[in-house]
1. Given a 1.4 angstrom probe, I'd like the percentage of the accessible area of the range 49-106 that is carbon and sulfur, rounded to a whole number.
2. Residues with amide H under 5 Å of V30's amide H, sequence separation 5 or more or different chain, H placed in the peptide plane at 1.01 Å from N; which?
3. Pick from E293, E64, E136: which is most flexible by mean-square fluctuation in a GNM of the chain where alpha carbon atoms under 10 Å apart are linked?
4. Chymotrypsin sites (Phe, Trp or Tyr not before Pro) within the range 1-87: which are DSSP loop residues with at most 15 other Cβ atoms inside 10 Å?
5. For the range 356-365, in order, what is each residue's ³J(HN,Hα) by Karplus, 6.51 cos²θ - 1.76 cosθ + 1.60 with θ = phi - 60°, in whole Hz (x at glycine and Pro)?
6. Sort largest first and round to whole Å: the equivalent ellipsoid semi-axes of the chain, each the square root of five times a Cα gyration tensor eigenvalue.
7. Compute for the range 1-123: radius of gyration divided by Kirkwood radius, i.e. Rg/Rh, restricted to C-alpha atoms, rounded to two decimals.
8. Under the Karplus relation 6.51 cos²θ - 1.76 cosθ + 1.60, θ = phi - 60°, what is the ordered set of whole-Hz ³J(HN,Hα) values for the range 260-271, x standing for Gly and Pro?
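The values are calculated or read from the model by the stated rules, or taken from the named source; none is laboratory data. Source: prediction; values computed, not measured. Don't worry about glycine lacking a Cβ; one is built from the backbone with ideal geometry, like all the others, and counts go over all protein chains shown. In case anyone asks, the SASA skips ligands and DNA or RNA and just uses the protein heavy atoms, side chains included. Shrake-Rupley method; radii C 1.70, N 1.55, O 1.52, S 1.80 Å.
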Amino acid sequence: MKKLRVGVVGLGHRGRHMFLLAGDKFEFVVPAAACDLFPHNFYEQQWRCDRSIAEAYPDCVFYENYDEMLEKAALDIVIVETGADVHADFIIKALEKNINVLTDIPVVANLDEADRLWKAAQKSKAMVSVGANPNEQKFTVMLREFYKSGELGKPYYMEAEYIHWSLPRSEEKIKLNENGDWRKLLCPIRYCTHSLGPLLTVLSEDLRRVSCMGTGQHGPREEYDPRVIKDDMSCAQFQTESGVVVRLLRNGRCRAKIGHHNYRVFGTEGYMERIERFEKPVIRYNSQKSDGELHEVGGEFMPPAYAGNPDAIGHGGMDYAMMDKFLRAVQNGDPAPISLREGLAMTLPGIYAEESSKRGGEVITMYYPWDKEWKTKI
Ligand SMILES: NC(=O)c1ccc[n+]([C@@H]2O[C@H](COP(=O)([O-])OP(=O)(O)OC[C@H]3O[C@@H](n4cnc5c(N)ncnc54)[C@H](O)[C@@H]3O)[C@@H](O)[C@H]2O)c1
């Protein structure tokens, strides 16, 4: 099997985890290069790691400059793990050098980036795949099968919520912001990809309209970063051209310690939900095409095809599944497992939703780089 030289940019906790996953679990991966603004993230052991990257991979070369890494490291793949609002230019530069990319999500921070990235991807000989790990989870796999078998019918209403419990000065929160500010600054409705990604896999059209409203801030002033106004809760309603409604609830400040990722999908023939409460996630479904009864199975993240694989680690096995599919696609010259188009279709609605919220819930029509009406101004 051809060896693949892999580099990573961004050695926050996510970048370290993904790089170690690639280097430790896939024998054909050569962990060749790593880049960060802060050398200690490479040379010293960091949070959630049992060793430093330098110790794990003595032949891996560290770069403080991304352009230099791309120039010198002869990479087949770059994993982009910079903060959630700074991915596009790293992806574009790699694509311009025909280096394959696995990028974390959201893919872009604004419409101009979407435009430039879309054009760069069309020109490049390399492939960009989107690191939307929730698209690999058991719920998404079951939902797609339920849809393909006809048991769901045509979905006409869907909803998702991603509620992240937060305490202002918790150890976890301080560590999560160890290197960058994106968690403090990004408007939560923009972090919509974990929620919309799985739902979009059973829609044959893009989300076209959005209205989003926020609650304002209800905590003591010292809990909020003065650089940005982030609502405690934001609720967006999207609609497709044919009329399918999708509701998304996201939070900034939150005191509900209940469970993160919830989804409900209503179809003309059946229903499926993943409800996560108090660390006991369940998936339930019923269909008129079968016995009509409500069935319940465990809602753990582990994709069924990887259950029992001891290497399948990271967010309950989703990270391994995503990495495995991506690396094998590069090996075989196959298309991206999660395409840039899918990545933009789950990212841009958050950008439009934030703008709608700023305009007090005004309904905004959303376009994408593949639409003839596409423009980079909202
Ligand atoms: N899919 C998931 O389950 C999941 C979970 C957590 C985070 N994420 C994503 O992972 C990504 C990284 O998150 P994080 O929490 O590790 O972020 P972070 O801010 O802690 O780390 C980002 C790193 O990028 C580095 N960086 C920034 N600009 C750079 C530059 N010009 N050159 C080199 N390095 C640069 C920073 O120094 C920092 O170490 C984000 O996109 C986030 O959305 C995904």
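1. Values: 990 of 2330 Å².
Its accessible area is 43 percent carbon and sulfur atoms.
2. It is L4, R5, V6, by chain and number.
3. Result: E293 has the largest fluctuation of those listed.
4. Details: sites: F19, F26, F28, F42, Y43, W47, F62, Y63, Y66; in loops: F26, F28, W47.
Filter output for the range 1-87: F28, W47.
5. With the stated coefficients, the range 356-365 comes to 4, 4, 4, 9, x, x, 3, 6, 10, 8 Hz.
6. Details: eigenvalues 200, 121, 99 Å².
Taking √(5λ) for each Cα gyration eigenvalue gives 32, 25, 22 Å.
7. Details: Rg = 13.9 Å, Rh = 14.5 Å.
With Rg and the Kirkwood Rh in hand, the quotient comes to 0.96.
8. Listing the rounded values in order: 7, 10, 10, 9, 9, 10, 9, x, 5, 10, x, 8 Hz.
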